[in-house]
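One structure is given here, and the rest of the page talks about it.
No value in this document is a laboratory result; all are computed from the given coordinates. Since this is a predicted model, take the numbers as computed values, not measurements. As a convention, Cβ positions derive from the backbone with ideal geometry for all residues, glycine included, and neighbour counts pool all protein chains shown.
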Amino acid sequence: MSHADDATKTWVSAIPKKNADGNVIQWEVEYKYTKGDHFHIFKKGVRIDTPSKAPDKYTKAELLTLVDKDHWDDMFNKKYTAWTATPVVTTTDASFDVSTLSDS
């Protein structure tokens, strides 16, 4: 199971831009993923090449398909993994003596 599968997903907004016929020509979508203390809001504008429906004729599932939710799931998984990863600890040994190394 991925982090995105466990995340709470909520709609922030879906704003349609319409043509003179009232059909959607573009959507501006914001969708929020939350898991524990971590969250990310994805935003995407989607142009509708063949406007044929009014905003209220779309479903949430259609909008998620238009914005490529699978890609957002993948990106959230990567972001969550980075947020929760143990930081790499590095040290500098300023007293290292290079002359102790072999010449070949």
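The figures follow:
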quantity	calculated
Choice from Tyr58, Tyr31, Tyr80 with maximal GNM fluctuation in the chain (Cα, 10 Å cutoff)	Tyr58
Most mobile of Lys69, Lys43, Lys53 in a GNM of the chain (Cα contacts under 10 Å)	Lys53
Label of the coordinate-derived value, semi-axes √(5λ) of the Cα gyration tensor in Å, listed as (i) 23, 16, 12; (ii) 48, 16, 11; (iii) 26, 14, 11	(ii)
Formal net charge of residues neighbouring Pro55 (Cβ-Cβ distance under 10 Å; K, R +1; D, E -1)	+3
Cross-link table Lys53/Lys78; Lys18/Lys79; Lys18/Lys78; Lys18/Lys69; Lys32/Lys53, entries beyond 31 Å C-alpha to C-alpha	Lys53/Lys78; Lys18/Lys79; Lys18/Lys78
Net charge contributed by nearby residues that have their C-beta within less than 13 Å of Val29 (K/R +1, D/E -1)	+4
Angle in degrees between helix 69-84 and the longest Cα principal axis of the chain, rounded to the nearest 10	30
Exposure proxy ranking, count of Cβ atoms within 10 Å, fewest first, for His40, His3, His71	His71, His40, His3
